[in-house]
Amino acid sequence: MKRIKGGEEESKSSTSKSPTEACKKVRKQTDEESEAAEVGEFSGIDWARLPQELLLHLFQYLPLLDRAYASQVCRRWNQAFHMPELWRCFEFELNQPASSYLKATHPDLIKQIIKRHSNHLQYVSFKVDSSTESAEAACDILSQLVNCSLKTLGLISTARPSFMEVPKSHFISALTVVFVNSKSLSSLKIDDTPVDDPSLKVLVANNSDTLKLLKMSSCPHVSPAGILCVADQCHGLRELALNYHLLSDDLLLALSSEKHVHLEHLRIDVVSENPGQHFHTIKKSSWDAMVRHSPKFNLVMYFFLYEDEFGPFFNEEIPVTHLYFGRSVSKEVLGRVGLHCPRLVELVVCANGLRPLDEELIRIAKHCTQLSAIGLGECEVSCSAFVEFVKMCGRRLSQLSIMEEVLIPDHKYSLDEIHWEVSKHLGRVWFPDTMPIW
């Protein structure tokens, strides 16, 4: 009887607790159970012991700043931060805070790269703003890369060509360090820089067997003889970009020699520095030799000339494939393009004047049978002539960018009707481009 009374007393004491206290007790037990489950879920993973291959793969997806933060987690992650595979490709962004809103590579990081990773760098580019200080900083870094063997190097000016403001001797000295120590340079982009003929000879002497791409438009200190030296020695060169004043018959013949590989891409910038500038003529036989040697090469030409400076161009057949007119071009010149550019694939005309280009477009459609892209800006074309042009080209016109203001309604088509007619011949829905209203 006493045991029964004791049990009853215990039961009464347990039921005497308030509902609020009971709820708190249940909630506490639930929280403890969930925490235990979480610990059990992750207790089997030791983040400090991830395989190096997996850690490297994860770090490659992180932006540089996040990668630096991750390197502070533990000693092993810090070691992963310095793995050579993560430093083969790097872009130095050099901007002055006072003159640019773009982000810049921190100076401390630059020092660390030069100290610990210069021998790991292989694919390097320098992106500088318009300040001379940024360009000089790029030269200072280049001059310290004595232990590296670069495969690609790009010098990029995001605004005006700031490398041209650097003392020529300073720039050449820094660039020569890379040319001498690399030995396996395959891609070089040095547009708008004070590179000269002697420095190109150093490039050839150390990298002639590996150089495949060279872009050096707007390099005023390079002569036709300097670029010819490159073509004569670098038989593996596949892509070349330069200004028209460096183009010569001898250069085309050198690129067409039996020792030279097939050229894939040749870009020529035809730029007028002063109105009335004289331009030399390239012989048709030189172009023919180029086509025979590299029948599939792309010849890209950018024209920034005044109308009276086109005299030497398009009088004979030229194997241009991509043609861009950045300034106003006359009806006569466009008529010559239609007659003498049978390999033309893409044509962009920014401006022409107020005379309709009906006959010229029809001629281009008739003779340029590979044309697949065209863009017209400040020009005029009658709707009838434009429909006929599209009808002749047909569905091979993969890109058709025509401002609505270019099309002039006539007795056959209005602006509303031309949309349906052009779409029918293209085999897809097409609308003319319109000027945005802000």
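The values are calculated or read from the model by the stated rules, or taken from the named source; none is laboratory data. Predicted, not measured: the structure shown is a model, and the values here were computed from it. Here the Cβ positions follow ideal geometry from the backbone for every residue, glycine too, while neighbour counts run over all protein chains shown. The area values use the complete protein model at the heavy-atom level, side chains included, leaving out ligands, DNA and RNA. Shrake-Rupley method; radii C 1.70, N 1.55, O 1.52, S 1.80 Å.
Below, the figures for the structure above:
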quantity: Residue ID - surrounded by the fewest Cβ atoms within 10 Å (Cβ to Cβ), chosen from residues in segment 133-177 that are touching a helix residue (DSSP H, G or I) at 6+ places or on another chain (Cβ under 8 Å) and of a type in the set (D, E, K, R); calculated: Asp140
quantity: Check on Val230, touching a residue at least 12 places away in the same chain (Cβ under 8 Å), out of contact with any strand residue (DSSP E or B) (no Cβ under 6 Å at 6 or more places or on another chain) and either of a type outside the set (Val, Ile, Thr) or over 20 Å from Val261 (Cα atoms) (or both); calculated: no
quantity: Options Phe325, Phe304, Phe314; residue that is surrounded by fewer than 20 Cβ atoms within 10 Å (Cβ to Cβ) and either closer than 16 Å to Ile374 by Cβ or of a type in the set (A, V, I, L, M, F, W, C) (or both); calculated: Phe304
quantity: Unmet criterion (only one of (1) assigned to a helix (DSSP H, G or I); (2) touching a Pro at 6+ places or on another chain (Cβ under 9 Å)) for Asn78; calculated: (2)
quantity: Counted residues, segment 211-220 - those being open to solvent by 10 Å² or more (accessible area, probe 1.4 Å) and modelled with pLDDT of 95 or more; calculated: 3
quantity: Candidate set from segment 59-113 (those that are β-branched (Val, Ile, Thr) and out of contact with any Leu (no Cβ under 8 Å at 6 or more places or on another chain)); member that is least open to solvent (accessible area, probe 1.4 Å); calculated: Ile110
quantity: Sole residue being polar (S, T, N, Q), more than 24 Å from the chain's Cα centre (by Cα) and open to solvent by less than 70 Å² (accessible area, probe 1.4 Å), chosen from Ser130, Ser118; calculated: Ser118
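Matching residues to (1) open to solvent by 70 Å² or more (accessible area, probe 1.4 Å); (2) more than 29 Å from the chain's Cα centre (by Cα); (3) over 17 Å from Leu339 (Cα atoms):
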site: Ala351; (1), (2), (3): no, no, yes
site: Glu359; (1), (2), (3): yes, yes, no
site: Ala373; (1), (2), (3): no, no, yes
site: Glu380; (1), (2), (3): no, yes, yes
site: Ala385; (1), (2), (3): no, yes, yes
site: Val390; (1), (2), (3): no, yes, yes
site: Leu397; (1), (2), (3): no, no, yes
site: Leu407; (1), (2), (3): no, yes, yes
